[in-house]
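First the structure, in the form of structure tokens, and then the observations on it.
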Amino acid sequence: MASIFSRIVAGEIPSWKVAEDENYYAFLDINPLAEGHTLVIPKKEVDYIFDLDDETYAGLWQFAARVAKAVRAAVPCKRVGVAVLGMEVPHAHIHLVPLQTEGDMDFRKEKKQLSPERFAAIATAISEAFNQ
Ligand code: 5GP
């Protein structure tokens, strides 16, 4: 069965997309640690990031770097933190989290509750920065 992220790429499940190309897709995490928390995935469905073929793996990080620049341009933050967990969804993904303090990267803390309008506004701002 396709992963939930493959179903997002296919448009079967909605997402707040921030960037896409032929091989990669970036969208807002539904349970964000901070406003602008973004997930970057390869469209190719592989569970564990370190099992990706070399080309897809390198391309994923290059795409994530471009997305991170857009996140930083659109969301006030000191840095964009990076994490790879994969404890919940078996489809390789990189978390990009706008940081004010290192505590913002604590995945055990309570997630932000954002309205659909707020998610949409953040996604639009990141997407516009990405496409500039
Ligand atoms: P991980 O697998 O890295 O431990 O966590 C998966 C992340 O994906 C979590 O931060 C969770 O909030 C996010 N996530 C899980 N399902 C969905 C979904 O259907 N849509 C979106 N946008 N994010 C999801």
Pro98 vs (1) within 25 Å of Asp54 (Cβ to Cβ); (2) part of a strand (DSSP E or B); (3) within 15 Å of the ligand (Cβ to nearest atom); (4) not hydroxyl-bearing (Ser, Thr, Tyr): all pass except (1)
So how many residues does the range 15-49 have that are more than 9 Å from the chain's Cα centre (by Cα), more than 9 Å from the ligand (Cβ to nearest atom) and assigned to a loop (DSSP other than H, G, I, E, B)? 11
What number of residues in the range 54-99 are out of contact with any strand residue (DSSP E or B) (no Cβ under 9 Å at 6 or more places or on another chain) and farther than 26 Å from Lys44 by Cα? 1
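Each value in this text was obtained by applying a stated rule to the coordinates, not by laboratory testing. The model shown is predicted, which means the values in this text are computed figures rather than measured ones. Note that each Cβ is placed from the backbone with ideal geometry, even for glycine, and that neighbours are counted across all protein chains shown.
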